[in-house]
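Worksheet for the structure shown next.
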């Protein structure tokens with residue numbers, strides 16, 4: 001009885017729809033793969049992909065490629081976000097500089113950054129340096145725009161309090177600016193993490209000898225389609241996991257911010273008096 | 001009286017264009033904007049000097065003057081026009097398909113909230129996923145042709161429109177729908193006369209994102225597979241090791257992207 005009620009509690013209508021959708025997609029995939037509508041080998045069966053995925057996970061070279069991609073993305077993210085926060089604080093704190101340079105940043109942010117790859121290859125070479133540079137470039141734009149936006153929403157009273165205490169510029173940044181703009185900065189950094197991974201992968205696909213992007217394109221060029229699917233699944237899973245991990249890492253820093261918001265939402269008048 | 005109204009109506013657009021012209025003049029007369037432009041020109045001048053004097057190799061950075069002059073050469077202008085026509089043709093076709101597919105799906109997810117709740121997190125995950133990485137698969141399935149570019153543009157742009165369309169329909173005030181019902185409108189009339197017009201600004205925000213995503217994806221894949229229009233212009237010159245030509249092509253793609261973004265911003269302001 002309790003088993004029935006717990007299974008019905010687990011199988012909510014939303015979960016049921018999700019499970020049925022996954023089953024329908026897998027069935028359609030299997031049918032299409034065996035239907036003969038596509039050329040042989042173009043669309044492998046789900047079980048073949050699962051087998052290739054298992055083989056990939058057992059292969060030591062996958063972890064080498066994964067390590068290279070994560071290293072490039074992490075280093076690019078650190079460099080790109082550090083520059084972006086510095087530039088964002090500089091432009092945010094000066095109305096004149098913001099009016100002068102923000103249009104250029106907005107214009108560059110809306111561009112397909114991949115077209116700059118030839119310049120990065122020419123300047124940094126074909127090794128991991130150009131991938132790190134591409135990752136830094138992809139990280140820079142969402143973080144700098146969030147930093148500027150975050151700076152502009154800081155309560156002026158906080159800035160005036162800092163000035164009245166004659167805080168130096170570096171202490172203003174540490175004690176006033178960064179804590180007051182934590183939320184928008186976190187959103188920008190979260191976007192930056194996603195963009196850094198995409199940036200590295202696009203550069204690796206264009207030209208690289210190692211990394212997940214290079215592995216993907218190598219399998220695709222060799223017409224090893226099952227393994228191409230498997231690497232793609234790994235890339236999507238890694239991207240999702242890194243995003244999730246970054247969100248969890250931010251939580252302790254944002255907890256104070258959240259409790260502040262909760263306090264603000266709480267009624268000021270004591271409950272007994274109402 | 002009617003004549004006066006006619007005069008007022010015909011004068012309105014002229015006033016609008018005059019005021020936008022004044023706004024433009026005021027913007028470029030802003031000392032900050034002028035300063036930003038002068039810094040940009042100074043950077044170009046410094047690069048020109050560094051390259052011309054041999055401090056930076058011409059095999060790495062082209063002379064800015066050569067890259068800019070290349071933009072005005074008749075041969076390049078013709079190629080740029082053809083590339084723009086091809087890329088924008090693909091972008092517009094993908095966008096039309098995205099709108100035709102995404103708005104009905106958004107409406108379905110709004111009408112069936114349990115499906116909306118089930119697919120909401122999946123749509124958000126897909127929105128953040130590196131969709132362009134799927135291109136090797138579709139190159140194999142569809143072939144190395146414009147249909148793959150079209151499909152990859154579509155796959156990137158359809159998600160933001162679905163998300164925004166559902167959101168747009170969900171935020172239509174109940175009062176408006178109740179007014180429609182009190183006039184005994186059919187469900188389809190309520191959709192076409194109330195729900196859709198009321199949701200247009202939010203849907204347009206989704207279309208704007210979709211347009212940017214579609215353009216970026218199509219140019220990225222054109223660059224990676226050396227096929228199509230604007231993206232291919234850059235990769236083609238880079239693979240021929242035509243450094244000045246590569247810089248010219250990058251500048252051209254950048255100018256086209258900036259112009260398109262400005263047009264989209266303007267259109268969004270008009271819709272709002």
Checklist line | Area projected by the alpha carbon convex hull of region B:64-271, averaged over all directions, nm² | finding: 13.7
Note to self: For chain B, what does the relative contact order come out to in percent, with C-alpha contacts under 8 Å and a separation of six or more?
What the structure shows: 23
Notebook entry, point to check: With the contact rule set at Cα under 8 Å and sequence spacing of 6 or more, what percent relative contact order holds for chain A?
Noted result: 23
Check: Relative to the first principal axis of the alpha-carbon coordinates of chain A, what is the inclination of helix A:13-35, with its axis defined by its Cα atoms, in degrees from 0 to 90 and to the nearest 10?
Finding: 40
Item checked: Fluctuation leader among B:54, B:199, B:89 - chain B, Gaussian network, Cα springs under 10 angstrom -> B:54
Next item on the list: Taking chain B as the reference, fit the longest principal axis to its C-alpha atoms, fit the long axis of helix B:31-52 to the helix C-alpha atoms, and give the angle between the two in degrees, 0 to 90, nearest 10.
Entry: 40
Next item on the list: For the protein assembly as shown, state what percent of all Cα-Cα pairs lands in each successive 10 Å bin, counting from 0 Å until the bin that includes the largest distance.
Entry: 3, 13, 23, 26, 19, 10, 4, 1, 0
Next item on the list: Take every residue in peptide B:248-254, count the Cβ atoms of other chains within 10 Å of its Cβ, and give the average of those counts.
Entry: 3
Checklist line | Calculated [θ] (222 nm, deg cm²/dmol) that DSSP helices of n ≥ 4 give over chain B, each run adding -39,500 (n - 2.57) | finding: -28500 deg cm²/dmol
Check: Mind checking which of A:226, A:146, A:94 has the largest fluctuation in a GNM of chain A, springs on alpha carbons under 10 Å?
Finding: A:94
Notebook entry, point to check: Among B:188, A:93, what is the fewest-to-most ranking by other Cβ atoms within 10 Å?
Noted result: B:188, A:93
Check: In percent, how large is the relative contact order of region A:1-157, given Cα pairs closer than 8 Å and 6 or more residues apart?
Finding: 28
Check: Which of A:211, A:41, A:199 moves most in a GNM of chain A, Cα contacts under 10 Å?
Finding: A:41
Notebook entry, point to check: Mind checking the angle between helix A:182-206 and chain A's longest principal axis? C-alpha axes, 0 to 90 degrees, to the nearest 10.
Noted result: 40
Next item on the list: Could you work out the mean count of beta carbons from other protein chains within 10 Å of each residue's beta carbon in B:60-67?
Entry: 1
Note to self: More than 22 angstrom separation, counting every C-alpha pair in chain A; what % is that?
What the structure shows: 69
Notebook entry, point to check: Using only Cα atoms, what Kirkwood radius does region A:62-211 have, in angstroms?
Noted result: 16.2
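The numbers here are math on the coordinates, done by the rules we state, and not lab data. Small disclaimer: the values here were computed from a predicted structure and weren't measured. A quick note on method: Cβ atoms are made from the backbone with ideal geometry, for glycine too, and the neighbour counts reach across all protein chains shown.
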